[in-house]
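Undergrad: Just dropping this structure here.
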Amino acid sequence: MAGTNNFSVPGYAPQRGGAWSRLTARDSWVRRLDWPLLFSSIALSFIGALLVWSATRNRTELNHGDPYYFLLRHVLNSGIGFALMIGTIWLGHRTLRGAVPVLYGISVVLVLLVLTPLGATINGAHAWIVIGGGFSLQPSEFVKITIILGMAMLLAAKVDAGDQLHPDHRTVAKSLGIAVVPMAIVMLMPDLGSVMVMVVIVLGVLLASGASNRWIFGLIGAGAVGAALVAALGVLDEYQINRFAAFANPELDPAGVGYNTNQARIAIGSGGLYGAGLFNGHQTTGQFVPEQQTDFIFTVAGEELGFIGAGTILALLGVVLWRACRIARETTELYGTIVAAGIIAWFAFQSFENIGMTLGIMPVAGLPLPFVSYGGSSMFAVWVAIGLLQSIRVQRPITA
């Protein structure tokens with residue numbers, strides 16, 4: 001697949017006329033998209049818009065008296081994210097492979113800016129840069145992407161060139177260095193939830209790369225030691241320590257640190273099989289669950305849409321992961337496999353953590369539910385990830 005044109009793959013045939021090259025009906029890049037993946041992602045964003053609207057339409061202290069404030073911004077974020085997906089497909093994951101050093105440098109600079117006076121604390125987490133006009137940026141969301149691309153670039157270089165069957169130890173060490181630098185900066189914020197996701201991404205990338213299992217077990221051991229040191233050295237803020245304490249003991253301070261999780265379980269449990277109906281949840285309309293449009297968005301689904309609605313969200317997330325796994329399996333290049341595997345690890349863990357903390361089976365870590373929770377940075381990042389997956393599928397060779 002020579003050349004820099006990301007759509008110059010076997011089967012693409014430009015026709016005369018038109019600035020945008022027309023493609024044969026059989027091998028059109030549009031037809032080669034993974035439509036179940038795309039439709040599931042759109043459906044999740046649509047459901048998320050309804051849930052965000054329900055959670056915020058009566059929150060006058062947040063919506064500035066406009067019940068559509070968060071709904072419109074969520075739709076706007078989803079639209080921008082969709083455009084970013086199209087742009088990512090158009091550029092292609094191979095073109096981005098060459099731009100990884102620049103993208104990585106930008107992401108590191110952005111997370112460093114959070115530690116300067118430009119950084120802002122929102123909902124207890126000092127992880128944001130306020131741009132102005134009510135908009136803010138969370139650089140750690142984009143670091144997840146650059147870690148995946150950076151590690152994939154190094155780990156797959158010699159393997160895709162045919163020089164090695166598996167990445168050697170030196171290459172693995174260099175790839176870990178790419179991940180460690182931004183992770184250390186994010187830990188200083190501290191943004192423990194994002195670091196947890198990044199650790200899982202690193203493990204997923206190494207597993208997909210074919211690196212020696214000694215690295216996997218070594219990292220797991222190092223992670224356990226690191227967690228102990230973080231706790232011993234007092235790196236975490238008090239509110240983060242309290243979250244873990246409330247997870248370990250759900251009855252601890254139910255009106256304080258345990259309030260969020262207790263109210264979340266009440267909301268989900270009250271939904272039953274069919275739910276109270278959209279906009280009719282007593283916990284939601286009564287504003288008993290904090291941060292319900294972001295971290296605890298799943299409680300709105302549980303209360304108002306019931307088991308069936310919440311199960312639908314889980315099913316759609318399952319389709320996204322299933323199609324991503326299929327893309328990872330079908331690509332013929334290690335680079336594409338690693339990128340897809342990193343995205344799978346990211347989506348799977350973050351979804352499990354977000355839903356798990358509302359059910360009380362995971363500690364509260366301040367992570368959004370992909371596609372569903374309100375938030376610009378997270379929405380942009382997950383749609384770029386979908387664009388990478390679609391690019392890998394579009395550019396795979398056509399089998400006869």
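Undergrad: Have a look at I266, I241, I308, I220 and point out the one that is part of a helix (DSSP H, G or I), modelled with pLDDT of 85 or more and under 26 Å from I122 (Cβ atoms).
TA: I266
Undergrad: Let me ask something else. Kindly provide the set of residues from the range 26-72 that are hydroxyl-bearing (S, T, Y), within 26 Å of the chain's Cα centre (by Cα) and in a helix (DSSP H, G or I), ordered by number.
TA: S40, S41, S45, S54, T56, Y69
Undergrad: I would also like to ask the following. Is there a residue being hydrophobic (A, V, I, L, M, F, W, C) and free of Cβ contacts under 8 Å to residues at least 40 places away in the same chain anywhere in the range 335-343?
TA: Looking through the range 335-343, none of the residues is hydrophobic (A, V, I, L, M, F, W, C) and free of Cβ contacts under 8 Å to residues at least 40 places away in the same chain.
Undergrad: I would also like to ask the following. Checking V289 against (1) outside any helix (DSSP H, G or I); (2) surrounded by fewer than 24 Cβ atoms within 10 Å (Cβ to Cβ), which test does it fail?
TA: (2)
Undergrad: Condition test on S391, is it in a helix (DSSP H, G or I), of a type in the set (S, T, N, Q) and either open to solvent by 10 Å² or more (accessible area, probe 1.4 Å) or in contact with a Phe, Trp or Tyr (Cβ under 7 Å, 6 or more places away or on another chain) (or both)?
TA: no
Undergrad: Residue under question is A211, and the condition is that it be open to solvent by less than 30 Å² (accessible area, probe 1.4 Å) and farther than 19 Å from Y104 by Cβ; does it hold?
TA: yes
Undergrad: Right, next: Could you pull out the residue among S351, S377 that is in contact with a strand residue (DSSP E or B) (Cβ under 6 Å, 6 or more places away or on another chain) and polar (S, T, N, Q)?
TA: Just one listed residue meets the conditions, S377.
Undergrad: Take G193 and tell me if it is crowded, with 22+ Cβ neighbours inside 10 Å, in contact with a helix residue (DSSP H, G or I) (Cβ under 9 Å, 6 or more places away or on another chain) and at pLDDT below 90.
TA: yes
Undergrad: Quick test for you: out of I355, I338, I344, pick the one residue that is within 30 Å of V186 (Cα to Cα), among the β-branched types (V, I, T), under 20 Å from the mean Cα position of the chain (by Cα) and open to solvent by less than 10 Å² (accessible area, probe 1.4 Å).
TA: Result of the check over I355, I338, I344: I338.
Undergrad: Look through A301, A365 and report the one residue that is more than 30 Å from R32 (Cβ to Cβ), in contact (Cβ under 8 Å) with a residue 60 or more places away in the chain and either open to solvent by 20 Å² or more (accessible area, probe 1.4 Å) or not in a helix (DSSP H, G or I) (or both).
TA: Answer to the selection: A365.
The values are calculated or read from the model by the stated rules, or taken from the named source; none is laboratory data. The structure presented is a predicted model; accordingly, all values stated were derived computationally and were not measured. Here the Cβ is made from the backbone with ideal geometry for all residues, glycine too, and neighbour counts use every protein chain on show. All accessible areas refer to the heavy atoms of the entire protein, side chains included, with ligands and DNA or RNA removed. Shrake-Rupley method; radii C 1.70, N 1.55, O 1.52, S 1.80 Å.
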